[in-house]
C-alpha cells in the first residue's frame with residue numbers, strides 16, 4: 001500500500017515541483033506555486049461535482065410530484081414509499097446523489113495533493129531516500145517529536161525540518177550534513193525560504209495558546225468554509241423547501257456550523273502550509289459552487305428536461321402514426 005501511495009505522491013510532487021520551478025524567482029515561490037497547484041487540482045476534481053449538481057436539479061423537478069404523492073397516500077407510508085421509488089426510477093433521480101463513483105475518482109487526487117504538500121523534501125525536491133534515512137535517525141526523530149505541537153506531528157516531519165533549517169544554530173541544521181549533500185542542503189534552504197508570505201511562515205504550526213500572525217490561517221479556513229456551506233445551504237433551501245423544515249433544517253444548520261469549526265480546529269493541528277491549501281481550496285470550491293449552480297440551476301435543468309420530454313413524446317407519437325399508416 002505504501003508503494004501505491006508513494007507513486008501517487010510522486011506524481012503530484014513532480015507537478016508541484018514543475019510549477020515551483022516556473023515561479024522560482026518570485027517573492028514567495030512556494031506560496032504562489034501552491035495557489036496554482038490547488039487551482040489545477042480543484043479543476044481536475046470539478047467533474048466529480050457535476051453529477052451531484054444535476055441530481056439536485058432533478059430533485060427540484062420532482063418536488064411537486066412528491067407533494068402530490070404525499071397528499072394522495074396520506075399516512076400510508078408503505079404505499080407512499082413504493083410510489084416514491086417508482087417516481088425516482090421514471091425521473092432518473094438518485095437520492096444517494098452521485099454515489100461512490102466520484103468519491104473513488106477524487107480520493108487518489110486528494111491523496112496525491114496531501115502527500116505533495118506534507119512531504120516536499122521527498123516528492124517535490126526528490127530527496128526521498130535521503131529524507132527516509134534522515135527521519136529514521138533516532139536523534140532526529142526525538143528532536144522533531146519535541147518540536148511538534150500535535151499528535152499528528154509525524155505526518156509533517158519534513159515541513160518541520162524545512163522550518164528548522166532556517167535557523168543555522170538548530171540541532172536539525174547540525175544533523176542534515178550527515179545525510180544530505182551540500183547541494184541538496186542549499187536546495188532545501190532555498191525551498192524553505194519560499195514558504196513565507198507577508199510574515200507568515202507556512203512551515204510553522206499555529207498554536208491555540210499563542211496568539212500570533214499564524215492565527216490568520218485558521219481564521220481564513222473557518223471563514224471560507226462557512227461561506228461555502230452557507231451558500232450551498234441557501235441554494236438547497238431555495239430549490240428544495242423541505243430542507244428548511246423540521247429535522248432537515250436542524251441537520252443542515254448543524255453541518256453549517258460544524259464544518260467551519262472543524263476546519264479551524266484542524267488548522268491548529270497542522271503546519272500552516274496545509275491550512276493554506278485548505279483556504280485556497282475552499283475559495284475555489286465557493287466559486288465552483290457559484291458557477292455550477294448557475295450552469296446547472298434546477299429551473300434550467302428542469303426546463304431542458306421538459307423540452308426533451310416533449311420532443312421525445314412527439315417523436316414517439318409520430319413513429320406510432322407512421323407504423324399504423326404502413327400497416328393500413
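Filtered by the rule that a residue be closer than 22 Å to residue 283 by Cβ, at pLDDT 85 or above and either surrounded by fewer than 18 Cβ atoms within 10 Å (Cβ to Cβ) or out of contact with any strand residue (DSSP E or B) (no Cβ under 8 Å at 6 or more places or on another chain) (or both), the range 178-215 gives 206, 213, 215. Please verify whether residue 169 is at pLDDT below 90, in a helix (DSSP H, G or I), more than 28 Å from the chain's Cα centre (by Cα) and over 21 Å from residue 260 (Cα atoms), treating the condition exactly as stated. The answer is no for residue 169.
Identify the residue in the range 147-166 that is over 15 Å from residue 195 (Cα atoms) and assigned to a helix (DSSP H, G or I) and, among all such residues, is modelled with the lowest pLDDT. Before you say what the answer is, go through the steps one by one.
Kept after step one, since they are over 15 Å from residue 195 (Cα atoms), are these residues of the range 147-166: 147-155, 157.
Now restrict to residues that are assigned to a helix (DSSP H, G or I): 147, 153-155, 157.
On the way: 147: 73, 153: 58, 154: 66, 155: 74, 157: 87.
Ranking the candidates gives 153 first.
Which members of the range 193-208 meet the condition of being touching a residue at least 24 places away in the same chain (Cβ under 8 Å) and either more than 25 Å from the chain's Cα centre (by Cα) or assigned to a loop (DSSP other than H, G, I, E, B) (or both)?
Within the range 193-208, the first condition is being touching a residue at least 24 places away in the same chain (Cβ under 8 Å), and the residues that meet it are 193-197, 200-208.
Those that are touching a residue at least 24 places away in the same chain (Cβ under 8 Å) and either more than 25 Å from the chain's Cα centre (by Cα) or assigned to a loop (DSSP other than H, G, I, E, B) (or both): 193, 194, 195, 202, 203, 204, 205, 206, 208.
Every test in (1) at pLDDT 75 or above; (2) in contact with a helix residue (DSSP H, G or I) (Cβ under 9 Å, 6 or more places away or on another chain) is passed by residue 77 save one, and that test is (2). Out of 117, 185, one residue alone is under 25 Å from residue 12 (Cβ atoms), under 28 Å from the mean Cα position of the chain (by Cα) and assigned to a helix (DSSP H, G or I). It is 117. Reported count of residues in the range 28-44, each being touching a strand residue (DSSP E or B) at 6+ places or on another chain (Cβ under 9 Å) and free of Cβ contacts under 8 Å to residues at least 24 places away in the same chain, is 1. Out of all the residues in the range 9-22, is one or more at pLDDT 75 or above, crowded, with 16+ Cβ neighbours inside 10 Å, in contact with a strand residue (DSSP E or B) (Cβ under 8 Å, 6 or more places away or on another chain) and at negative phi? No, the conditions are met nowhere in the range 9-22.
Only one of these is within 26 Å of residue 5 (Cα to Cα), under 31 Å from the mean Cα position of the chain (by Cα), modelled with pLDDT of 80 or more and in a loop (DSSP other than H, G, I, E, B): 125, 144. Name it. Spell out how you get there, then give the answer.
Details: 144 fails: in a loop (DSSP other than H, G, I, E, B).
125 is the lone residue from the list that is within 26 Å of residue 5 (Cα to Cα), under 31 Å from the mean Cα position of the chain (by Cα), modelled with pLDDT of 80 or more and in a loop (DSSP other than H, G, I, E, B).
The values are calculated or read from the model by the stated rules, or taken from the named source; none is laboratory data. Quick caveat: nothing in here was measured; it's all calculated off a predicted structure. Cβ atoms come from the backbone with ideal geometry, glycine included; neighbour counts cover every protein chain shown.
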